[in-house]
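The values are calculated or read from the model by the stated rules, or taken from the named source; none is laboratory data. Computed from a predicted model, the values in this text were never measured in an experiment. FYI the Cβ positions are ideal-geometry reconstructions off the backbone, even for glycines, and counts take in every protein chain you see.
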Amino acid sequence: MSSSFYGDTFVFFSGLKYLERGFYLWNPYLFCGVPLIGNPQCQLFYPPAVLLSVFSWPAGVNWSFILHVLLSGAGMWMLLRYQKLSPGACVFGALSLIFGAHVFLRIFAGHLGTLNAFAWMPLVFLFAQKYIDEGELKDAVISGTLFGLQILAGNPQYSYYTFFAVAAYSFFNLASGRRPAAVMFKRVVLCLVSVAAVGACLAAVRILPAWEFFCLSARSSLGLSFVSSWALPPENLLTCLIPEAFGNMFSFPYWGKYRLWEMCVYWGVLPLFLGLLACVRSRSKQSRFFWMLAVFSLFCAVAAGTFLARYLCVLLPGFGKFRGHSKFMVLAGFSVSALSAYGYDIFLKMTEERGRSLRILLILMGAVAAALFVVSSAAFLHPRPFQEWWVRAVFKAPPGAEFPLEAYDCFLFGLVRFTLLVNSVFLAVYFYFRKSIGKKLFIFCLFFLMLADLVSFGYKYAVCDAVSRAGWDEEIVSLINNGERPSLQRVVSASPSYFSNKALLHGIQVVDGYDVLVPARFQDYMGFCDGRPIDSPLPVKLFGMAGVRYAIFSGKRSLNSSVFREEAVLPDARLERNLRSLPRAYMVYRAIEAPPGKDRELALLVSDAFDSANSVMLPYNNGKDALPDGSSAVISEAEILEYSPDRVTVRARSDKDGYLVLSDSFYPGWEARVYPPRGGKPEKALILRANYMFRAVRLGRGEHRVVFSYRPVPFIAGAAVSALALLFLAVFFFRHRPRKR
């Protein structure tokens, strides 16, 4: 099981909940509620996600990793075989793809959706290439179908890069001029339209809700600085040769920029060498495309963090919708793996011919191997000068500052490892050139060195953790639940040991968390808490309105006893109960019209003039609903009878008109129906945005049962489009089925 749970806890929810406990479209466990169907990384409609229910969830995650790694390798093998490479070269290219850093490090990070999407890339490219080369419409439709599955797999950024590769290959063929321009232009247009249209229609059930969520998220208004973040730092290109240059998370923590799994671009010494050889020696049209794609992907990954990002947003449609364009290196890795297969065949041919070019290559390899041996030996035997250079040039420590020797030792280990690999490759080639070893043994040496290199790098990242470490401490969980329904206990965690997303494993709602998309209103609302102590007046008020009953934090400082009461003290955290938390559902009898403008509305919300316990703030255009009388009612009661992700039932009783406030996110698609106390036809009620980001319904006097249900229009429309796409594909493939002769 992966050691990190950024994505896997969410996969657990989306993959298991709808099969074991019902089909849910809303996730109430993060950010006071967000649309599960709108999250671009959930896998509700991804067919292989059934593995997460067939097996226990840790085993399901592991089997999903294995399935998709094998799928990516099989797809790469098929692609290379279609390009008429030898079987050995195809196996070499496929193995270099599935054992690269882009696979092992994603397993370590727990990015199941990322690996799922990556697995389909070779197959989408294969059938698009077949259509460009042969003109069979069936191949374009198959490519679009696989592209739709990739979108459903849970990483739209990888789908974007895949379509970019398909489009680049299409235009590359158009520019090559090997076929009549009119024929090739028609194929290019039909290929791109078929892949985009079939894939988008098939995945419309996910795309439309995700686009709605994106438009309402904080990401929709972020600028160039957001796009430029998490680009590949130029110094991290060193990890192409020495992946341990900036730490390896074990002998020394990663100290470079951002995260290791985003910034390490190691493809292996031998695949990189053979890929460079293919760039120099191959005359194949496909190999020329792959080295151009690798160079451009590398350029985009680095340039995204510079002033050039502005121009890339203009040049590449959709580029500005994502951050973390270091992921462009996955295209470079895909290209290097393909080029290594071409280089494998070229290298074997050179060694068999034993001509002048091989002698020159041997001289260059020997010179590089000898130079690396001298440098590594000197760095090992006389470390002081190399340490000083490394501190200034790589670690970038100021003069006179202390630096950890373990960091240098990690770098030195990587340098020695790189030296041994280069010398081993040189010796294998030299002995084969001198006919000291046979061809079969030489091929075995190539495969052994490639696998030994990549596996020795990656095995430590394919770690397993005990299932008990996946969630929160059971004592904390039992205290939070305290015999009550877990779904009604909302928690804020300020302790690193209690990562908020892990609460999903226990059915506990958290007010914070980590996810790709965060509602813009939630970020505005919680932004007032940034940098303030959790028991200061402003966070206390905001957390109280959000129904936060418990706080988990680390540290020895006691919280304000008038606001928080200590419930438990554990070695790594403390659990405190919020005494000023408002109920999750409550009645108020005074409505305040919010001033126009987001900033003015938030300013009034957090001011002392607004009494959140007895008042509700409604949007500016709902002022007509304000109650003239702000006095309290004699009878005022609100009780949650049912709480599930897509449905909330509240019983409210009052002797005067008022507002029922529910501290769940206001979001399009939620409907409210008010049922009379003694049965009868329910009436549809308007859900108002209350207190900037929550829900409110106006009720008359008496007893009512209010049912909130989530029925998003984008999901319904997307499901209809996807159903029609499935019907079209069934008819299309039936008509194009192989005929018996």
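Could you please find all residues in the stretch 675-711 being in contact with a helix residue (DSSP H, G or I) (Cβ under 6 Å, 6 or more places away or on another chain) and either among the aromatic types (Phe, Trp, Tyr) or in a loop (DSSP other than H, G, I, E, B) (or both)?
Asn691, Tyr692, Met693 - these are the residues of the stretch 675-711 that are in contact with a helix residue (DSSP H, G or I) (Cβ under 6 Å, 6 or more places away or on another chain) and either among the aromatic types (Phe, Trp, Tyr) or in a loop (DSSP other than H, G, I, E, B) (or both).
Yes or no: the stretch 318-340 includes at least one residue that is more than 25 Å from the chain's Cα centre (by Cα), closer than 29 Å to Phe426 by Cα, assigned to a loop (DSSP other than H, G, I, E, B) and among the polar types (S, T, N, Q).
No, every residue in the stretch 318-340 fails to be more than 25 Å from the chain's Cα centre (by Cα), closer than 29 Å to Phe426 by Cα, assigned to a loop (DSSP other than H, G, I, E, B) and among the polar types (S, T, N, Q).
In the list Gly333, Gly320, Gly343, which residue meets the criterion of being over 17 Å from Thr239 (Cα atoms) and buried (at least 19 other Cβ atoms within 10 Å of the Cβ)?
Values: Gly333 fails: over 17 Å from Thr239 (Cα atoms); Gly320 fails: buried (at least 19 other Cβ atoms within 10 Å of the Cβ).
Going through Gly333, Gly320, Gly343 in turn, just one is over 17 Å from Thr239 (Cα atoms) and buried (at least 19 other Cβ atoms within 10 Å of the Cβ): Gly343.
Any residue in the stretch 499-510 that is under 23 Å from the mean Cα position of the chain (by Cα), at pLDDT below 85, under 20 Å from Asp572 (Cα atoms) and part of a loop (DSSP other than H, G, I, E, B)?
Yes - at least one qualifying residue is present in the stretch 499-510.
For the stretch 200-213, state whether one or more residues are surrounded by fewer than 20 Cβ atoms within 10 Å (Cβ to Cβ) and within 30 Å of Asp524 (Cβ to Cβ).
Looking through the stretch 200-213, at least one residue is surrounded by fewer than 20 Cβ atoms within 10 Å (Cβ to Cβ) and within 30 Å of Asp524 (Cβ to Cβ).
Going by the structure shown, is Ala231 in contact with a helix residue (DSSP H, G or I) (Cβ under 7 Å, 6 or more places away or on another chain), surrounded by 23 or more Cβ atoms within 10 Å (Cβ to Cβ) and small (Gly, Ala, Ser)? Full working, then the answer.
Values: in contact with a helix residue (DSSP H, G or I) (Cβ under 7 Å, 6 or more places away or on another chain): yes; surrounded by 23 or more Cβ atoms within 10 Å (Cβ to Cβ): yes; small (Gly, Ala, Ser): yes.
Answer is yes for this residue.
Would you mention how many residues in the stretch 120-142 are assigned to a helix (DSSP H, G or I) and either within 23 Å of the chain's Cα centre (by Cα) or among the acidic types (Asp, Glu) (or both)? Before the answer, list the steps.
Going residue by residue through the stretch 120-142, those that are assigned to a helix (DSSP H, G or I) are 121-134, 137-142.
Of the ones still in play, those that are also either within 23 Å of the chain's Cα centre (by Cα) or among the acidic types (Asp, Glu) (or both) are 121-125, 133-134, 139.
Number of matching residues: 8.
So, of the residues in the stretch 128-145 that are of a type outside the set (D, E, K, R) and more than 23 Å from Leu316 (Cα to Cα), which turns out to be surrounded by the fewest Cβ atoms within 10 Å (Cβ to Cβ)?
Of all residues in the stretch 128-145, those of a type outside the set (D, E, K, R) come to 128-129, 131-132, 135, 137, 140-145.
Among the residues that remain, those that are also more than 23 Å from Leu316 (Cα to Cα) are: 131, 135, 137, 141-142, 145.
Values: Tyr131: 26, Gly135: 16, Leu137: 14, Val141: 21, Ile142: 25, Thr145: 23.
Among residues in the stretch 128-145 that are of a type outside the set (D, E, K, R) and more than 23 Å from Leu316 (Cα to Cα), the one surrounded by the fewest Cβ atoms within 10 Å (Cβ to Cβ) is Leu137.
May I ask you to verify whether Val314 is among the β-branched types (Val, Ile, Thr) and more than 28 Å from Ala109 (Cβ to Cβ)? So that I can check it myself, show each step before the final result.
Numbers: among the β-branched types (Val, Ile, Thr): yes; more than 28 Å from Ala109 (Cβ to Cβ): yes.
Taking the combined requirement at face value, the residue satisfies it.
Every residue, every condition in (1) farther than 19 Å from Cys529 by Cβ; (2) not in a helix (DSSP H, G or I), yes or no:
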site	(1), (2)
Ser581	no, yes
Met587	yes, yes
Glu601	no, no
Leu605	no, no
Asn614	yes, yes
Met617	no, yes
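If you take the residues of the stretch 472-490 that are surrounded by fewer than 16 Cβ atoms within 10 Å (Cβ to Cβ) and acidic (Asp, Glu), which of them is modelled with the lowest pLDDT?
Ranking the candidates gives Glu484 first.
Exactly one condition in (1) touching a strand residue (DSSP E or B) at 6+ places or on another chain (Cβ under 6 Å); (2) closer than 14 Å to Leu146 by Cα is not met by Phe213; state its number.
(2)
Is it the case that Arg283 is part of a helix (DSSP H, G or I) and of a type in the set (Lys, Arg)? Can you show your working first?
Details: part of a helix (DSSP H, G or I): no; of a type in the set (Lys, Arg): yes.
No.
Name the one entry in Arg711, Arg735 that is of a type in the set (D, E, K, R), surrounded by fewer than 14 Cβ atoms within 10 Å (Cβ to Cβ) and modelled with pLDDT of 90 or more.
On the way: Arg735 fails: modelled with pLDDT of 90 or more.
Result of the check over Arg711, Arg735: Arg711.
State the number of residues belonging to the stretch 175-195 that are of a type in the set (A, V, I, L, M) and either outside the structural domain of Met292 (by TED's automatic domain parsing) or surrounded by 12 or more Cβ atoms within 10 Å (Cβ to Cβ) (or both).
If we filter the stretch 175-195 for residues that are of a type in the set (A, V, I, L, M), which is where we start, we get 175, 181-184, 188-190, 192-193, 195.
Narrowing the set further to residues that are either outside the structural domain of Met292 (by TED's automatic domain parsing) or surrounded by 12 or more Cβ atoms within 10 Å (Cβ to Cβ) (or both) leaves 184, 188-190, 192-193, 195.
Number satisfying all stated conditions: 7.
Can you tell me which residue within the stretch 282-297, out of those that are touching a Ser or Thr at 6+ places or on another chain (Cβ under 8 Å) and surrounded by fewer than 20 Cβ atoms within 10 Å (Cβ to Cβ), is modelled with the lowest pLDDT?
From the stretch 282-297, those touching a Ser or Thr at 6+ places or on another chain (Cβ under 8 Å) are 285, 288, 290-291, 293-294, 297; that's our starting set.
Subsequent filtering for residues that are surrounded by fewer than 20 Cβ atoms within 10 Å (Cβ to Cβ) retains 285, 288.
Values: Lys285: 86, Arg288: 91.
The selected residue is Lys285.
For the stretch 348-358, indicate whether the set of residues that are crowded, with 20+ Cβ neighbours inside 10 Å and under 42 Å from the mean Cα position of the chain (by Cα) is non-empty.
Among the residues of the stretch 348-358, not one is crowded, with 20+ Cβ neighbours inside 10 Å and under 42 Å from the mean Cα position of the chain (by Cα), which makes the answer no.
Scan the stretch 348-367 and tell me whether some residue there is modelled with pLDDT under 85, more than 29 Å from Leu97 (Cα to Cα) and acidic (Asp, Glu).
no
As an exercise: evaluate Cys300 against (1) surrounded by fewer than 23 Cβ atoms within 10 Å (Cβ to Cβ); (2) under 23 Å from the mean Cα position of the chain (by Cα) and give the number of the one condition it does not meet.
Among (1) surrounded by fewer than 23 Cβ atoms within 10 Å (Cβ to Cβ); (2) under 23 Å from the mean Cα position of the chain (by Cα), Cys300 violates only (1).
Could you pull out every one of the helices (runs of 4 or more DSSP H) wholly within the stretch 1-119 that has 3 or more residues that are under 24 Å from Ala203 (Cα atoms) and either at pLDDT below 85 or out of contact with any Leu (no Cβ under 9 Å at 6 or more places or on another chain) (or both)?
On the way: elements: 8-20, 51-54, 57-82, 87-98, 101-109, 112-119.
Correct list: 8-20, 51-54, 57-82, 112-119.
Right, Val227: in a helix (DSSP H, G or I) and over 17 Å from Tyr169 (Cα atoms) or not?
yes
Those residues that are touching a Pro at 6+ places or on another chain (Cβ under 9 Å), among the small types (Gly, Ala, Ser) and in contact (Cβ under 8 Å) with a residue 40 or more places away in the chain, I need them from the stretch 574-613; list them, please.
Ala594
Got at least one residue in the stretch 152-164 being more than 14 Å from Ala197 (Cα to Cα) and touching a Cys at 6+ places or on another chain (Cβ under 8 Å)?
yes
Let me spell it out: the conditions are (1) of a type in the set (D, E, K, R); (2) in the same structural domain as Ala652 (by TED's automatic domain parsing); (3) modelled with pLDDT under 85, and Arg565 meets all of them except one. Which number is the exception?
(2)
Can you tell which of Asn173, Asn155 is in contact with a Gly (Cβ under 6 Å, 6 or more places away or on another chain) and at pLDDT below 90? Break it down into steps so the answer makes sense when it comes.
On the way: Asn173 fails: in contact with a Gly (Cβ under 6 Å, 6 or more places away or on another chain).
Asn155 is the lone residue from the list that is in contact with a Gly (Cβ under 6 Å, 6 or more places away or on another chain) and at pLDDT below 90.
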